[in-house]
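Student: Structure in structure tokens, see below.
Coordinate-derived values only; no laboratory data. What you see is a predicted model, and the numbers here were worked out from it, not measured in a lab. Reconstructed Cβ throughout: ideal geometry from the backbone, glycine too, with neighbour counts over all protein chains shown.
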Amino acid sequence: MGLLVDNDGSVQLPLIGRVVIAGQTTEQVQVLVEQQLATYVKEPKVTVQLLFAGNIRYYLLGVFTNPGLKFSDRPLGLLEALSLGGSVDLEKASLRTAYVARKGKKLPVDFRGLILNGDLRQNIRLKPGDVVVVPDHQTEQAFVFGGFAQSVPQGGAVSFIHGRLDLLQALARVGFGQTERYQSDLSDVRVIRSEGDHGELFVVDANAIMNGEAAPFELAPGDVVFVSPTGFASWNQALGMLLPSLQTVAGILEPFVQIKYLSSK
């Protein structure tokens, strides 16, 4: 029978329940367990063997071939930890939205750069209890906010379909129609894109796309789209309007957006 030692140095045994074994040798544990079992079993014989000394825990969630709780006898880098989960199904994985969670916060790691491009700068050293999440691409989303004050669209999350979503599709799916086209500044749509610990800001003329004067703008998972009302002169003004919306969905946004809150561009 194999038993897992809990973080407090104890094990749970049949009949006798919790037994603290921290700091003891296998021989000492054997004697201790036999003594406690003697209350229930006549002349108990116990053999204690250490199968694995790893006491560092990591959690691998998502499209791994072998996800779940993993143990190590030493601190690991992200790549080494990923290997504990078998392999990542790259056909199903959303690397853009993958992340490492530590004490309830997402860390800004570029999984695409690490896995696809071999960027070892992203091979961060993990800490005990870290959670590595590689979501399925079917969960990929972009986020649309903005419009003029009386606009019907409330914005929010827009899902990708078969891994694709362009700007006009996203706007249409949150309800931007002709009224919003004429009363919002669709010639100055801002798109914020995150890659690990850095981001890009795109300024897109959605009116030109609608009129066939520009090519469609393909969104990437995690993109934040902001349609500013007419009359806004600066990105700083738009940013002031955008931040409250970002904060309402901060838990599912990319780490760069959460941490940096889009330094003024």
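Student: Rank-order 216-226, 120-130 by packing density, defined as the average count of other C-beta atoms within 10 Å over each peptide's residues, highest first. Show your work: numbers first, answer last.
Tutor: Working: 216-226: 20.6, 120-130: 15.5.
Highest mean packing first, the order is 216-226, 120-130.
Student: Further question: For ASN211 paired with ARG57, estimate the spin-label separation in nm (one decimal), with each label point 7 Å from Cα along the Cα-to-Cβ line.
Tutor: So the two model labels end up 6.0 nm from each other.
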